[in-house]
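The values are calculated or read from the model by the stated rules, or taken from the named source; none is laboratory data. Being a predicted model, the structure only gives us computed values, none of them experimental. When we count neighbours, we look across all protein chains shown, and the Cβ atoms used for this are built from the backbone with ideal geometry, even at glycine.
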Amino acid sequence: MTTTLISGGTVVSATGRAAADVLIDGEQVVALLQPGSELLGTSVAASVDRVIDATGKYVIPGGIDAHTHMQLPFGGTEASDTFESGTRAAAHGGTTSIIDFAVQTYGQRIEDGLAAWHEKAAGNCAIDYGFHQIVGDVNEASLAAMAKLPDEGISSFKLFMAYPGVFYSDDAQILKAMQVSRDTGMLTMMHAENGPAIDVLAQQLVDQGKTDPYYHGIARAWEMEEEATHRAIMLAKLTGAPLYVVHVSAKQAVEQLAWARDKGQNVYGETCPQYLYLSLEDQLGASGPEWGSFEGAKWVCSTPLRSREEGHQHSMWQALRTNDLQMVSTDHCPFCMKDQKELGLSDFRKIPNGIGSIEHRMDLMYQGVVTGEITLERWVELTSTTPARMFGLYGRKGVIQPGADADIVVYDPNGHTSIGLEKTHHMNMDYSAWEGYEIDGKVDTVLSRGKVVVEGDAYVGAKGDGRFLKRGLSQYLI
Ligand code: DUC
Ligand code: ZN
Ligand code: ZN
Ligand code: ZN
């Protein structure tokens, strides 16, 4: 087996940092050593197969993006990244594991939806991958199938309070699914927006001729997120289910989560880079030579971008510091403008919802370290360690310690990353939602289970390197 030493760097964990060399044997970390250590009179560096020089750089556990949608069927089209292109872009950006959402559509058996997802991913991924299960049709057969998912290594499922007629669950269905969550220890993940009310508001806007992308965010008012978050919390309280609210963007939704946590409830939340950096005002002002005011379609996602004037972005950063929100995922759900987003040219409701960010999450969050929003350790915690613990991967992933998979990123704080379609973009999209963003840092080297997959700007891994991750129950359960 190949032995590797990552030498001279600063190893950063969720709880601290130290100068240390990381010794890897095959796929796993075997030791953290004093810099320049010797073994039986010989330097370790001289006795390994390969040395990666990390002098002046950070050595961190590889990023875990716990919310992605490769090849998701949505609005009559399909998310444009395949498991192959999406996981390769992830690797470029320092993410070494994803948890994607297997989909059960309405009328489909969960077993069949899951099998189809395995088929899409198997043999195609650049990095390790796990699944959550979207339950799009809560019925008696689904409830029975859900209870067996932990045996398959799937320890979380997602329900939607939005998208009536597509993925939507009503309160009765949510209650029953949450009882399965309570009984099995599976985490209930919730898309918390009041879909039926949003659909009425959206119809009224369209009837008034307000069809531009901007109105997507007006219809999906923060009150709809706050209300649904509260309802999800109360149903979780009643049933005793552990709850994880996805893509939180409204400060009022965070207040609901903080309130429930203060009362001792097992409730967690994630936000995404778009809710930290981008705003509804940016979307309103967006206009370009090719798409005019339809330019705003690039940032149509749900939950939507929120008003900066109302202070949502500020509140999301704050919640990441105070641990009212525990992690950052991307909700990577890319669509091209051509042929995909443009389906909604005359009606914002027909724009497929989603933003592609999988490649930039580690960089965008590192920029929060540079600007003083979060500490270096919190960066690692939000992007790797907590995702591992939350979704039953910790020990193998999310930490650099003996026995852990050698999923490691060497990150250069003196490097620079210019984000843009013509620059560092590897996602299968014809635009970047992050065009022009400048990051004071750069992914230098990425290892996935001991194998170097990214070196500088070059991808040196292979399709099929990534394996399916059977996950245990959340290590946050009490
Ligand atoms: N939100 C998105 O933006 N895309 C896919 C599904 C979702 O909930
Ligand atoms: Zn969602
Ligand atoms: Zn999603
Ligand atoms: Zn790159």
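Given the options Ala241, Ala250, Ala232, name the one that is within 23 Å of the chain's Cα centre (by Cα), within 16 Å of ligand 1 (Cβ to nearest atom) and farther than 24 Å from Pro352 by Cα. First the steps, then the outcome.
Details: Ala241 fails: within 16 Å of ligand 1 (Cβ to nearest atom); Ala250 fails: farther than 24 Å from Pro352 by Cα.
From the options Ala241, Ala250, Ala232, the qualifying one is Ala232.
Go through segment 194-221 and count every residue that is in a loop (DSSP other than H, G, I, E, B) and over 18 Å from Glu310 (Cβ atoms).
Step one: list which residues in segment 194-221 are in a loop (DSSP other than H, G, I, E, B), which gives 194, 208-213, 220-221.
Those still in the list that are over 18 Å from Glu310 (Cβ atoms) too: 194, 208-213.
Summing the residues that are in a loop (DSSP other than H, G, I, E, B) and over 18 Å from Glu310 (Cβ atoms) in segment 194-221 gives 7.
Please count how many residues of segment 222-249 are at negative phi and part of a loop (DSSP other than H, G, I, E, B). Quick ask: steps written out before the conclusion?
Residues of segment 222-249 at negative phi: 222-239, 241-246, 248-249.
From what's left, part of a loop (DSSP other than H, G, I, E, B): 241-242, 246, 248-249.
The qualifying residues number 5.
Go over the candidates Gln340, Gln313, Gln256 one by one and state the one that is in contact with a strand residue (DSSP E or B) (Cβ under 7 Å, 6 or more places away or on another chain) and not charged (D, E, K, R). Before you say what the answer is, go through the steps one by one.
Values: Gln313 fails: in contact with a strand residue (DSSP E or B) (Cβ under 7 Å, 6 or more places away or on another chain); Gln256 fails: in contact with a strand residue (DSSP E or B) (Cβ under 7 Å, 6 or more places away or on another chain).
Only one candidate qualifies: Gln340.
Out of the residues in segment 148-183 that are free of Cβ contacts under 8 Å to residues at least 12 places away in the same chain and among the charged types (D, E, K, R), state the one that is farthest from ligand 2 (Cβ to nearest atom).
For segment 148-183, the residue satisfying everything is Asp151.
Look through Tyr163, Tyr106 and report the one residue that is within 16 Å of ligand 3 (Cβ to nearest atom) and either under 24 Å from Tyr268 (Cα atoms) or surrounded by fewer than 24 Cβ atoms within 10 Å (Cβ to Cβ) (or both).
On the way: Tyr106 fails: within 16 Å of ligand 3 (Cβ to nearest atom).
After ruling out the rest, the residue left standing is Tyr163.
Only one of Tyr476, Tyr459, Tyr411 is more than 16 Å from ligand 4 (Cβ to nearest atom) and either more than 23 Å from Gln326 (Cα to Cα) or among the aromatic types (Phe, Trp, Tyr) (or both); which?
Values: Tyr459 fails: more than 16 Å from ligand 4 (Cβ to nearest atom); Tyr411 fails: more than 16 Å from ligand 4 (Cβ to nearest atom).
Going through Tyr476, Tyr459, Tyr411 in turn, the sole match is Tyr476.
Mind counting the residues in segment 1-27 that are surrounded by fewer than 18 Cβ atoms within 10 Å (Cβ to Cβ) and not in a loop (DSSP other than H, G, I, E, B)? Steps first, answer last, please.
Restricting attention to segment 1-27, the residues satisfying the condition of being surrounded by fewer than 18 Cβ atoms within 10 Å (Cβ to Cβ) are 1-3, 15-19, 25-27.
When the remaining residues are screened for being not in a loop (DSSP other than H, G, I, E, B), the result is 3, 17-19, 25.
Selection size over segment 1-27: 5.
So, in segment 391-409, of the ones that are more than 19 Å from the chain's Cα centre (by Cα) and surrounded by fewer than 24 Cβ atoms within 10 Å (Cβ to Cβ), which residue ends up farthest from Val22 (Cα to Cα)? Full working, then the answer.
Going residue by residue through segment 391-409, those that are more than 19 Å from the chain's Cα centre (by Cα) are 395, 400-406.
Pick out the ones that are also surrounded by fewer than 24 Cβ atoms within 10 Å (Cβ to Cβ) and you get 395, 401-404.
Details: Gly395: 16, Gln401: 9, Pro402: 9, Gly403: 12, Ala404: 12 Å.
Selected residue: Gly395.
Look at Phe83 and say whether it is farther than 30 Å from Thr375 by Cα, within 16 Å of ligand 2 (Cβ to nearest atom) and either modelled with pLDDT of 95 or more or crowded, with 18+ Cβ neighbours inside 10 Å (or both). Before you say what the answer is, go through the steps one by one.
Details: farther than 30 Å from Thr375 by Cα: yes; within 16 Å of ligand 2 (Cβ to nearest atom): no; either modelled with pLDDT of 95 or more or crowded, with 18+ Cβ neighbours inside 10 Å (or both): yes.
No; evaluated as a whole, the condition is false for this residue.
Starting from segment 326-348, keep only residues that are within 16 Å of ligand 1 (Cβ to nearest atom), then list their pairs with residues that are in a helix (DSSP H, G or I) and of a type in the set (Asp, Glu) whose Cβ atoms are within a distance under 9 Å, requiring at least 6 positions of separation or different chains.
Cys336/Glu342; Met337/Glu295
Would you be able to tell me the number of residues in segment 74-117 that are part of a loop (DSSP other than H, G, I, E, B), within 14 Å of ligand 1 (Cβ to nearest atom) and within 16 Å of Phe335 (Cα to Cα)?
So the first thing to find is which residues in segment 74-117 are part of a loop (DSSP other than H, G, I, E, B), and the list is 75-76, 79-82, 93-94, 105-109.
Checking the rest, the ones that are also within 14 Å of ligand 1 (Cβ to nearest atom) come to 75-76, 79-81, 105.
From the residues that got through so far, the ones that are within 16 Å of Phe335 (Cα to Cα) too are 75-76, 79-81.
So the answer is 5.
Can you tell me which residue is farthest from the chain's Cα centre (by Cα) among those in segment 303-323 that are buried (at least 24 other Cβ atoms within 10 Å of the Cβ) and in a loop (DSSP other than H, G, I, E, B)?
For segment 303-323, the residue satisfying everything is Arg306.
Quick one: which of Tyr476, Tyr366 is touching a strand residue (DSSP E or B) at 6+ places or on another chain (Cβ under 8 Å), touching a residue at least 12 places away in the same chain (Cβ under 8 Å) and closer than 21 Å to Ile6 by Cβ? Let's see the steps before the verdict.
Numbers: Tyr476 fails: closer than 21 Å to Ile6 by Cβ.
Selected residue: Tyr366, the only one of Tyr476, Tyr366 that is touching a strand residue (DSSP E or B) at 6+ places or on another chain (Cβ under 8 Å), touching a residue at least 12 places away in the same chain (Cβ under 8 Å) and closer than 21 Å to Ile6 by Cβ.
Take Glu342 and tell me if it is of a type in the set (Asp, Glu), modelled with pLDDT of 95 or more, more than 24 Å from Met189 (Cβ to Cβ) and more than 16 Å from ligand 4 (Cβ to nearest atom). So that I can check it myself, show each step before the final result.
Working: of a type in the set (Asp, Glu): yes; modelled with pLDDT of 95 or more: yes; more than 24 Å from Met189 (Cβ to Cβ): yes; more than 16 Å from ligand 4 (Cβ to nearest atom): yes.
Yes.
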